[in-house]
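The values are calculated or read from the model by the stated rules, or taken from the named source; none is laboratory data. Values in this document were obtained by computation on a predicted structure and should not be read as measured data. For neighbour counting, all protein chains shown are included, and Cβ atoms are generated from backbone atoms with ideal geometry for every residue, glycine included.
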Amino acid sequence: MDTRKTTPLIRFLEKWAVKIGGCENYRWGLYDWMMIKDNHHDAAGGISKAIALAHQYQKDHQLNLNITVEVRNLVELHEVLEVGGVTRIMLDNFEIPILAEAVKTVNHQFETEASGGISLQSVRKYALTGVDYVSVGALTHSALPLDLSLKIVQ
């Protein structure tokens, strides 16, 4: 799955390239899926409060968006499991053995996503933990250009 990190003004091209290349698009922008990142729950005074604020915002604005919450460790994961109210739990920068433990702990109660520092070379190792989604920013922000020649060969 790609991320929202794209080149300004050509996001649609990079997202399309990801899709026709056989991967999935995640969010197109800040308007189609709520994501509660670590700085959000730090600013809100905790994950529980950040989730409650996200729900209140959606209620106040008549929205019905999916919510992903980022967790940095197993303690935060357990807090999300107690609170609920999200669509997906993003397991950010988890080492593979801890990621496998986290996926087992979630036990399909919510979608799970591995993110952070995952390369095209390491994506398989992350996928084998049983996580539902693996996001790789390199699909868009590190794509190499195609070296294409238009010379006529006789």
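Taken over segment 96-128, the criterion of being more than 13 Å from Asn73 (Cα to Cα) and polar (S, T, N, Q) is satisfied by Asn107, Gln109, Thr112, Ser119, Gln121, Ser122.
Let's see how each residue does on (1) of a type outside the set (D, E, K, R); (2) in a loop (DSSP other than H, G, I, E, B); (3) over 22 Å from Arg11 (Cβ atoms); (4) at pLDDT 95 or above:
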residue	(1), (2), (3), (4)
Pro97	yes, no, yes, yes
Glu101	no, no, yes, yes
Lys104	no, no, yes, yes
His108	yes, yes, yes, yes
Thr112	yes, no, yes, yes
Ile118	yes, yes, no, no
Gln121	yes, yes, yes, no
Val131	yes, yes, yes, yes
Val136	yes, yes, no, no
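Residue-level check: of (1) in contact (Cβ under 8 Å) with a residue 40 or more places away in the chain; (2) assigned to a helix (DSSP H, G or I), Thr68 misses just (2). Of the residues making up segment 14-31, one or more are among the aliphatic types (A, V, I, L, M), buried (at least 17 other Cβ atoms within 10 Å of the Cβ), part of a helix (DSSP H, G or I) and at pLDDT below 95.
Of the set (1) modelled with pLDDT of 90 or more; (2) aliphatic (A, V, I, L, M); (3) closer than 14 Å to Met90 by Cα, all apply to Ala44 but (3).
Mind listing whichever residues of segment 32-48 are outside any helix (DSSP H, G or I), touching a residue at least 12 places away in the same chain (Cβ under 8 Å) and of a type in the set (Gly, Ala, Ser)?
Answer for segment 32-48, where residues must be outside any helix (DSSP H, G or I), touching a residue at least 12 places away in the same chain (Cβ under 8 Å) and of a type in the set (Gly, Ala, Ser): just Gly46.
Regarding segment 32-40, can at least one residue be identified that is surrounded by fewer than 18 Cβ atoms within 10 Å (Cβ to Cβ), out of contact with any Phe, Trp or Tyr (no Cβ under 8 Å at 6 or more places or on another chain) and of a type in the set (Val, Ile, Thr)? No, segment 32-40 contains no residue that is surrounded by fewer than 18 Cβ atoms within 10 Å (Cβ to Cβ), out of contact with any Phe, Trp or Tyr (no Cβ under 8 Å at 6 or more places or on another chain) and of a type in the set (Val, Ile, Thr).
Here Met90 meets the list (1) part of a helix (DSSP H, G or I); (2) among the aliphatic types (A, V, I, L, M); (3) touching a residue at least 40 places away in the same chain (Cβ under 8 Å) almost entirely, failing just condition (1). Leu53 passes every criterion in (1) free of Cβ contacts under 8 Å to residues at least 24 places away in the same chain; (2) part of a loop (DSSP other than H, G, I, E, B) apart from (2).
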